[in-house]
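Data block below; observations after.
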Amino acid sequence: MSGTAGGQSTGKRLRQPIVVVLGHVDHGKTTLLDRIRGTAVTAKEPGLITQHVGASVVPASVIEKLAEPLKKLIPFKLIIPGLLFIDTPGHELFTNLRRRGGSVADFAILVVDINEGFQPQTYESIEILKQRRVPFIVAANKIDKIPGWKPNPNTPFVISHRKQPQWVQEELERRLWDNVIAKLYEVGFQADRFDRVKDFTRTVAVIPISAKTGEGIAELLAVLAGLAQRYLQNRLRFAEGPARGVILELREQPGLGTAADVIIYDGVLRRGDLIVTGGLEGPVITRVRALLMPKPLQEIRVAKRELEPVDEVYAAAGVRVVAPGIENAVAGAPIYVATSEEEAKQLAEKVRREIEALRIKTDAEGVVVKADTLGSLEALVEALRQKNIPIRYADVGPVAKRDVIEAVASKEINKFYAVILAFNVKILPEAEAEAEKHEIKIFQHNVIYQLLEDFEKWYREQIEAEKRKELEQLIRPGKIRIIPGYVFRRSNPAIVGVEVLGGVIKPGYPLMREDGKRIGTIHQIQDRGKTVQEARAGMAVAISIRGHVLVGRHIDEGDVLYTDIPEKHAIMWLTKYKSELSDDEKVVLKEIIKIKRKQNPTYALTL
Ligand code: GDP
């Protein structure tokens, strides 16, 4: 059977909004999508294809039917033809729904387990939604797990809620506030339960649901559809022109080679159309050989949906595109229909520039980034930029030897950036060997948030270790007084009892007199007969002093001595490590600088 698929071609002015589901693992994204698809199938709407490639459509008639009991609360007539849900939840695929400066997704559902609250990927989802400027509502899922909740399967939330005892209603309210609404406030969003929201442009609507029992699904779909058609009309206005879309994934199609799963967000795509898309080796210009869509079935839980050819597809739609050369395209690349060879060339240039803008190649210090698709590359680069982490090189593909070579070059400028961040890609064996040889660290993860966190943790540890090492080598300010009557040995080495007046002394520190004359180096410090590695303000200890020093001649009982700080160290203390000095060390440092400037007026002048 050949025919038309996707959104309706006639009569409707608006296309379906494209909706994605994001949220933390195990919070119920997949269950929710199954439930939504289920509602579309059980409603048995004749003549409407509900299954697309990589997406499912819930027709407007189904949403209206579900929302029937809510008429008083949410009065509306749908003018959009339905909602198109992307089937694979999570932000990994979502990042590929990219569209210059934004997303192909028109709306998102952020799923949060009402009992568990915000988790790392909840925050990450919000970050990515902000980044791509996608409006969202929140599904506070698993309300059936609230203690005492009596499920009313497939019932609107407001109706099931009314039937719960008051203490259960209060517990729901508490969890909703503490675990969801308060958390949204913390990340800068005003939010409230959907039936209390007055201005949906300023307040994020939170809908309590159970993906398991179906409670609240009616409101979720109704609010989503209502908001989309009210606030996104311009975006959803359907142009009956050449198609525009994005490649979600590339797949092997048995017998046909590589095919591209595409989301069309505007216009019409027809068999035989001249299309332009992009790859890492440059733009791809080709013709559509076949368009494949799932066969319309009433039962969705069939393991493998068979695909069949169609002649044309209307936005919004998910469709598999078979075309020679499409294997050279990359997921996340735009795909456009051209009406002439001339236009194809112009579009190819546009696509080339867009893809090149996402790949980074510099000679500066910075990390090396490898990602599996254009979408994840873009999200990763954006996240790194927000954290002010410089990037030397960023591209799509497995970690290869040349990536390690880039990291080695970066190491010569700044060793802390000599790393490779590999998102969802393999490391080729020769790259692994090369990295080991040059001690290049490769971070690997399939969660962006985790990848960055791993790197940042390592980075902080390296910086801290480096700082400790450098600090260890700096001579600290110290001020001591030789206690009268405590000269144990006059020279070679001199051994005297001292009290530490300020700062700290350690073995190896050179000493000077109040007039700036160097008088030897501390060899050992003993506190009540035990050798110690330092003595701080307030302590009285015995020290031995190495060097040409004679008590009674160069120094004497009651004399005040200072640590003799080299100018370089003093500058470090005044600049980079100022915060590492205690208050009494700062006072002593001032005195030391005063002494030093008598001999050298520019000593440690840091302007
Ligand atoms: P995902 O990782 O976000 O896609 O989460 P899943 O949809 O795979 O759900 C994770 C687990 O939570 C599964 O065992 C689901 O059965 C369960 N689950 C999902 N939604 C609900 C719900 O509303 N109520 C209850 N009780 N369990 C749920």
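Show log10 I(q)/I(0) for the range 399-541 at q = 0.09, 0.10 Å⁻¹, two decimals, from a solvent-free Debye sum over equal Cα scatterers.
With no solvent term, the Cα-only Debye profile gives -0.53, -0.59.
What pairs from 530/578; 361/411; 370/576; 426/469; 163/212 go past 25 Å between their alpha carbons?
From 530/578; 361/411; 370/576; 426/469; 163/212, over 25 Å: 530/578; 370/576; 426/469.
Under a cut-off of 18 Å between alpha-carbon atoms, report the aspartates and glutamates in cross-link reach of residue 65, not counting same-chain residues fewer than 8 places apart.
45, 215, 219
Could you order 573, 458, 167 by accessible surface area, starting with the largest, using a probe radius of 1.4 Å?
Order by accessible area, largest first: 167, 458, 573.
Tell me, what ³J(HN,Hα) does each residue in the range 529-537 have, in order and in whole Hz, if you take phi through Karplus 6.51 cos²θ - 1.76 cosθ + 1.60 with θ = phi - 60° and put x for Gly and Pro?
3J(HN,Hα) across the range 529-537, in whole Hz: x, 10, 5, 10, 8, 6, 9, 10, 3.
For the chain, what is the calculated [θ] at 222 nm in deg cm²/dmol (nearest 500), taking -39500 (n - 2.57) for each run of four or more DSSP H residues and dividing by its residue count?
So the calculated ellipticity at 222 nm is -9000 deg cm²/dmol.
Toward the positive end of the charge dipole of the chain, about the Cα centre and with charges on Cβ (Lys, Arg +1; Asp, Glu -1), which of 262, 102, 533 goes farthest?
533
Which percentage, to the nearest 5, of the DSSP beta bridges contained in the chain is antiparallel?
So the antiparallel bridges amount to about 70 percent of the total.
In Å and on Cα atoms, what radius of gyration and Dmax does the chain show?
Expressed in Å, the Cα Rg and Dmax of the chain come to 34.4, 111.
Would you work out if the range 487-531 is rounded, prolate or oblate? Take a ≥ b ≥ c from the square roots of the eigenvalues of the alpha-carbon gyration tensor; rounded if a/c is under 1.5, else prolate when a/b is larger than b/c, oblate otherwise.
oblate
Considering only the range 360-454, what is the antiparallel percent among its DSSP beta bridges, to the nearest 5?
10
Taking residue 479 as the anchor, which lysines have their alpha carbon closer than 16 Å to its alpha carbon, excluding any fewer than eight residues away along the same chain?
Answer for residue 479, where 16 Å is the Cα cut-off: 506, 517, 586, 590, 594, 596, listed by chain and number.
Specify the inter-centroid distance of the range 435-488 and the range 544-607, based on alpha-carbon positions, in whole Å.
The range 435-488 and the range 544-607 have Cα centres spaced 25 Å from each other.
Going through the DSSP H helices of the chain, which span 15 Å or more along their own axis at the Cα atoms while scoring at least 0.5 as a mean Kyte-Doolittle hydropathy?
Both cut-offs are met by 217-231, 374-386.
If you count only protein heavy atoms with a 1.4 Å probe, what accessible area per residue comes out for the range 487-607, rounded to a whole Å²?
Each residue of the range 487-607 exposes 55 Å² on average to a 1.4 Å probe.
The values are calculated or read from the model by the stated rules, or taken from the named source; none is laboratory data. Remember, predicted model here, so these are calculated numbers, not experimental data. Every residue, glycine among them, receives a Cβ derived from its backbone with ideal geometry; neighbour counts consider all protein chains shown. These accessible areas exclude ligands, DNA and RNA; they are computed on the full protein's heavy atoms, side chains included. Shrake-Rupley method; radii C 1.70, N 1.55, O 1.52, S 1.80 Å.
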